[in-house]
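Please treat every number below as a calculation from the coordinates, not as lab data. A quick note: this is a predicted structure, and the numbers were derived from the prediction, not measured.
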Amino acid sequence: MSALFGDSSEIENTNVIDIKKNVALISELSRNKYQPRIKFDENKLNDLSYSIKKNGVIQPIAVRKDKFEVGKYEIIAGERRWLAAQKAGLHEVPIIILDLDDNEALEVAIVENIQREDLNSVEEAKGYERLKNEFKYDQDKIAEVMSKSRSHVSNTLRLLSLPKDIITMIESGLITAGQARPLVGLANASSIAEEIVNKKLSARQVESLTRHSKSTDSQKIMDSNIIKAQKDIEDVLGLKVTIKNSKKNNGKITIEYKGLDQFDLISNLLKQQP
């Protein structure tokens, strides 16, 4: 990482095969399959292309040798520079060759993107998910590698459980991760997301709105459970049963009886030892 970000004082401890400014043809480089960034801002890419056309590629592109093709390289960090160099009409670019395995290549790609130009939250989450699923990192290790809190990693990963239309909204910038996060787990998440966009709700307003929605959903679930319990008891007793439950989960059960025979039935059942 020292080599990647230009800290030459610590270069001795890095996995660098050749720290010289080697030069490679544009065509000899291929994109990193572990690249977490899916979309590049076209305007920023054009700005970088203009700068490269004027000043050249000042910082070498970090690469590793292609495992399948001799003389080819896979980009570890610097894909934006590579794309901008092509736009600028360059035929070759400076490179630094690093000796990294797949785990390290993904780590560097994510770190480089986050530190140099923020990923959107969905891209960040997908990068974390790849670390988790493909390389068996737990959330603690992801947090350590990325210098993030565990709660940040957890909350970012939770965004991937949102409906696809909301994930698309985040990727396109229609809503922020802060606005989307309270929607996780809501049955009506998509309709609320549309309301966020139409009414331009702030993250705080969304939290207030979803807090009420989650409370209502919870009450609906509770009501369905109570209705089932009432029916189960009625089936056993053969009598009318009413259960009233408060938000604090206290209340009362009423059993209606007609005549002493039904009263005796209830009384005897309640007196039975477990």
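Annotations for the structure displayed:
- Eligible lysines near residue 87 by straight Cα distance, threshold 22 Å, same-chain separation 8 or greater: 21, 33, 39, 44, 53, 54, 72
- Fully extending the segment from residue 203 to residue 263, taken as 0.36 nm per residue of separation minus the present Cα-Cα distance, adds 15.9 nm.
- Using 0.36 nm per residue and subtracting the Cα-Cα separation, the extra length available between residue 272 and residue 138 on full extension is 43.1 nm.
- Residues with amide H under 5 Å from that of residue 92, placed H, sequence gap 5 or more: 26
- In sequence order, segment 160-174 has phi-based couplings of 6, 8, 6, x, 4, 5, 6, 4, 5, 4, 5, 4, 8, x, 5 Hz under the Karplus curve 6.51 cos²θ - 1.76 cosθ + 1.60, θ = phi - 60°, and Gly or Pro positions carry x.
- Within a straight-line Cα-Cα reach of under 23 Å, residue 240 can be paired with the following lysines, leaving aside sequence neighbours fewer than 8 residues apart in one chain: 220, 228, 231, 252, 258, 271.
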